[in-house]
Amino acid sequence: MTEVALTTFSNAAFGVALVLYLVAMVAYFHHLAFRRRRVLLGARALAFAGLAVHAGSVIARGLAAGRVPWGNLYEYVSMVGLLVVAVYLLVVERMRRTEAAGGFALGAAVLAMAGATLLYTPPGPLVPALNSYWLRIHVVAAMLGSALFTLETIFSVLYLIQARRERAAVVPEPARAPALVGA
């Protein structure tokens, strides 16, 4: 395939993955609200389909550029979105059996990918300052760290919200003192 064909495929696959993630996010939130098992299975299938299409987009982008596909900010953010979804689906949901945070994880990926569309750069060679083998090591660690930090933030915020709800259910509001008349 030519560079133009690979770029076109990569861009189209990126858009399809974004839509699949968005629909899966809505389905995960629907499952969270109404606890319908079939909706959860559909959301999971859409998320895995989006993950496969997104991986195809990243691979095509790397082939079109003739280098690793994380040489600019668009590619970096796209990879972080891919890693957020992959870690959520393969580690959190499969190993930990936690599906309540699916909508939030996919929401973070959708926001990252939507932001990446604003940073779009056509594939091309790296600038000379980045043309080093350290790019493969350093940026992979940074992308994985960003994805894990994103998931950790989501889980921390959800934990704090749940802890506050539980605390409010146990401890009643203090009685208010009557207002002084004429004061």
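The values are calculated or read from the model by the stated rules, or taken from the named source; none is laboratory data. Note that the structure is a prediction, hence the values are computed from the model and not measured. Backbone-built Cβ (ideal geometry, glycine too); neighbour counts: all protein chains shown. Ligands, DNA and RNA are stripped out before the accessible areas are found, and what is left, the full protein with its side chains, is counted by its heavy atoms. Shrake-Rupley method; radii C 1.70, N 1.55, O 1.52, S 1.80 Å.
Kindly evaluate residue 88 against the criterion of being farther than 19 Å from residue 26 by Cα and open to solvent by less than 20 Å² (accessible area, probe 1.4 Å). No.
The condition of being more than 19 Å from the chain's Cα centre (by Cα) and closer than 30 Å to residue 98 by Cβ holds for only one of 136, 167, that being 167.
Do we find a residue being open to solvent by 20 Å² or more (accessible area, probe 1.4 Å) and basic (Lys, Arg) anywhere in the stretch 61-77? Yes, the conditions are met somewhere in the stretch 61-77. Taken across the stretch 30-39, residues that are touching a His at 6+ places or on another chain (Cβ under 7 Å), surrounded by 18 or more Cβ atoms within 10 Å (Cβ to Cβ) and over 17 Å from residue 87 (Cα atoms) do occur, with at least one present. When the stretch 73-97 is filtered for residues that are in contact (Cβ under 8 Å) with a residue 12 or more places away in the chain and of a type in the set (A, V, I, L, M, F, W, C), the ones remaining, listed by number, are 73, 77, 79, 80, 82, 83, 84, 85, 86, 87, 89, 92. Might you check whether a residue that is modelled with pLDDT under 95 and open to solvent by 40 Å² or more (accessible area, probe 1.4 Å) occurs anywhere in the stretch 9-17? No - not one qualifying residue is present in the stretch 9-17.
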